[in-house]
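Undergrad: The structure that follows is given in the form of structure tokens.
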Amino acid sequence: KMQQRLLRICEDASEKKVGVFIDAEQSWIQDPIDVMTILMMEKFNRGRVVVYNTLQMYRHDRLQFLQDCYEAAVQRNFILGTKLVRGAYMEKERKRAEQMNYTSPIQPDKASTDRDFNSAIQFCIDHLDRIALEVASHNEYSNLFTTQLLQQRGMPLNHPSVHFSQLYGMSDNITFNLAKVGCHVSKYLPFGPIKDVVPYLMRRAQENSSVKGQTGRELALIKKENKRRRLA
Ligand SMILES: Cc1cc2nc3c(=O)[nH]c(=O)nc-3n(C[C@H](O)[C@H](O)[C@H](O)COP(=O)(O)OP(=O)(O)OC[C@H]3O[C@@H](n4cnc5c(N)ncnc54)[C@H](O)[C@@H]3O)c2cc1C
């Protein structure tokens, strides 16, 4: 039933020429999502990208998974839509692994997640003939790193296969600056019942404050802009 629903969504999106981004979830339910998403890519990502899968780079197996998906895309001749995130369920994952006594799928530390996230960006940029990339991050360095890689390789910042995204209401300083230099950029707008959406946004806001100094800088920029508008 779920596959039928997904098929209808992808058919509709393909007709209307818009993308479908499938979110990544907890590792214990992710495998069927990956399988179904790859099936949809094989069907719809012929010559242009419609469907994107999400890879959480806080998982230590995802860089290899990205390379395996790329091989599959080459062999089966489809475009690999790849949305890169760091991952949102770190504590839940670690807790469950400990309780159920299996090896945690999560990287040992933040530096390892950052390393794999940036390596995945580099892998995608180096294979844009076959990969369509979305960098979904509020991390200033990762966004800057992507633009630097494009420039180093002599590719335009508005490369049609490279997109950036931040959540609506967060990290506008990153979104606006990317847009200003010509990058394709969008805001993710979560919607749904308040009881689901507010906790979701709270988790994202907490994560944003994990990068030292970044939230303080964003707040200072918002205050500065408010002041400018009042004076204008
Ligand atoms: C447009 C958009 C779409 C998203 N879609 C999804 C999705 O489909 N699925 C999903 O799971 N998440 C999704 N997220 C959330 C994302 O996974 C991150 O939780 C969030 O963006 C914070 O990471 P960051 O790259 O912005 O920045 P940062 O603040 O640099 O990174 C924080 C992240 O680093 C990782 N981390 C922190 N401490 C450690 C540690 N000690 N060890 C290992 N890793 C650590 C965690 O993943 C944490 O969330 C999305 C985010 C955006 C902006």
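Undergrad: I'm trying to understand the selection: among the residues of the stretch 128-155, which are within 16 Å of the ligand (Cβ to nearest atom) and β-branched (Val, Ile, Thr)?
TA: Result: Val135, Thr146, Thr147.
Undergrad: How many residues does the stretch 130-169 contain that are without any contact (Cβ under 8 Å) to a residue 12 or more places away in the chain and either part of a strand (DSSP E or B) or open to solvent by less than 50 Å² (accessible area, probe 1.4 Å) (or both)?
TA: 0
Undergrad: Considering Gln166, Gln206, which residue is within 30 Å of His127 (Cβ to Cβ) and either more than 13 Å from the ligand (Cβ to nearest atom) or not hydrophobic (A, V, I, L, M, F, W, C) (or both)?
TA: So the residue among Gln166, Gln206 that is within 30 Å of His127 (Cβ to Cβ) and either more than 13 Å from the ligand (Cβ to nearest atom) or not hydrophobic (A, V, I, L, M, F, W, C) (or both) is Gln166.
Yes/no matrix, rows are residues, columns are (1) buried (at least 17 other Cβ atoms within 10 Å of the Cβ); (2) in a helix (DSSP H, G or I); (3) near the ligand (Cβ under 10 Å from one of its atoms):
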{"residue": "Arg5", "(1), (2), (3)": "no, yes, no"}
{"residue": "Ile9", "(1), (2), (3)": "no, yes, no"}
{"residue": "Asp12", "(1), (2), (3)": "no, yes, no"}
{"residue": "Val18", "(1), (2), (3)": "no, no, no"}
{"residue": "Val35", "(1), (2), (3)": "no, yes, no"}
{"residue": "Ile38", "(1), (2), (3)": "yes, yes, no"}
{"residue": "Val49", "(1), (2), (3)": "yes, no, no"}
{"residue": "Asn53", "(1), (2), (3)": "yes, no, yes"}
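Undergrad: Within the stretch 170-177, is even one residue within 12 Å of the ligand (Cβ to nearest atom), on the phi > 0 side of the Ramachandran plot and of a type in the set (Ser, Thr, Tyr)?
TA: Yes, there is a match, as at least one residue in the stretch 170-177 is within 12 Å of the ligand (Cβ to nearest atom), on the phi > 0 side of the Ramachandran plot and of a type in the set (Ser, Thr, Tyr).
Undergrad: Here's something else I'd like to know. Identify the residue in the stretch 92-127 that is within 16 Å of the chain's Cα centre (by Cα) and open to solvent by 20 Å² or more (accessible area, probe 1.4 Å) and, among all such residues, is nearest to the ligand (Cβ to nearest atom).
TA: Per the criteria, the residue is Asp114.
The values are calculated or read from the model by the stated rules, or taken from the named source; none is laboratory data. Since the model is a prediction, treat every value here as computed from it, not as a measurement. As a convention, Cβ positions derive from the backbone with ideal geometry for all residues, glycine included, and neighbour counts pool all protein chains shown. Ligands, DNA and RNA are excluded from the accessible area calculation, which covers all protein heavy atoms including side chains. Shrake-Rupley method; radii C 1.70, N 1.55, O 1.52, S 1.80 Å.
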